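Remarks on the structure that follows.
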Amino acid sequence: MLFGLMTASTAEVIRARRELRALLMPGQRRVHTAKESPRRRRQLLDVVGGLDVATVVFRLRRSAGMHRIDSRALTLESACAALKPNAVTNWVLDDQEPVQAARDRRTIDRAIGADADLSYDHRPSHDEPMLWAVDAIVWAVGAGGPMFDRIRPGVELVDLRP
């Protein structure tokens, strides 16, 4: 399982959204790396690689007895721990089915504590271009090779143990 976390200043988010939206083809609502042609993937990864962001990709190899729900909770807890030192105040997660979104909220609330000044929300990826960027990075990590090399300098890989 791979889970990406990207942090950026407000000014960089505004710039990144503009650059990412410029990649949309006529009639396209979002950019989805896995569904793009190799040329468009390279173009997207070059744009993402040029953003002034910090990205962490959490990698978790589930053990035989570990359920996907537990593995998602572990990656979310790790992401929350990574958010704290960066004083992140707003976090957008990719939309999930209602039951999973509720589990995510419980996990995040438990991990960040009641005192945290963090606003977070699940949104459809067509509403938030930064989700396209995270998706592209996670895809590149999974693909490896030259695709990962395009964004490697800006990505921290964290291997989680169940």
Original post:
Just to be sure, is Ala101 open to solvent by less than 50 Å² (accessible area, probe 1.4 Å), free of Cβ contacts under 8 Å to residues at least 24 places away in the same chain, over 26 Å from Gly145 (Cα atoms) and not in a strand (DSSP E or B)?
Top reply: yes
**OP:** Would you please name the residue that is most open to solvent (accessible area, probe 1.4 Å), looking only at residues in the range 28-45 that are farther than 22 Å from Ala11 by Cβ and in contact with a Ser or Thr (Cβ under 7 Å, 6 or more places away or on another chain)?
**Re:** Arg30
**OP:** Would you be able to say whether some residue in the range 46-54 is at pLDDT 95 or above, over 17 Å from Asp104 (Cα atoms), assigned to a helix (DSSP H, G or I) and open to solvent by less than 20 Å² (accessible area, probe 1.4 Å)?
**Re:** yes
Subject >> Some residue of the range 129-148 being outside any helix (DSSP H, G or I), at pLDDT below 90 and open to solvent by less than 40 Å² (accessible area, probe 1.4 Å) >> reply: no
Subject >> Hits in the range 1-22 (condition: in a loop (DSSP other than H, G, I, E, B) and surrounded by fewer than 14 Cβ atoms within 10 Å (Cβ to Cβ)) >> reply: Ser9, Ala22
Original post:
When Val31 is evaluated against the numbered criteria (1) in contact (Cβ under 8 Å) with a residue 40 or more places away in the chain; (2) within 18 Å of Met1 (Cα to Cα); (3) assigned to a loop (DSSP other than H, G, I, E, B), which criterion, by number, is the only one it fails?
Top reply: (2)
**OP:** State whether one or more residues within the range 20-42 are within 18 Å of Tyr120 (Cα to Cα) and hydrophobic (A, V, I, L, M, F, W, C).
**Re:** no
**OP:** Mind telling me which of the residues Thr75, Thr107, Thr89 ends up being open to solvent by 60 Å² or more (accessible area, probe 1.4 Å) and β-branched (Val, Ile, Thr)?
**Re:** Thr89
Subject >> Met25 being open to solvent by 30 Å² or more (accessible area, probe 1.4 Å), in a loop (DSSP other than H, G, I, E, B) and under 19 Å from Val158 (Cβ atoms) >> reply: no
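The values are calculated or read from the model by the stated rules, or taken from the named source; none is laboratory data. Here the structure is a predicted model, which means the values were calculated and not measured. Note that each Cβ is placed from the backbone with ideal geometry, even for glycine, and that neighbours are counted across all protein chains shown. Note: areas computed on protein heavy atoms with side chains; ligands, DNA, RNA excluded. Shrake-Rupley method; radii C 1.70, N 1.55, O 1.52, S 1.80 Å.
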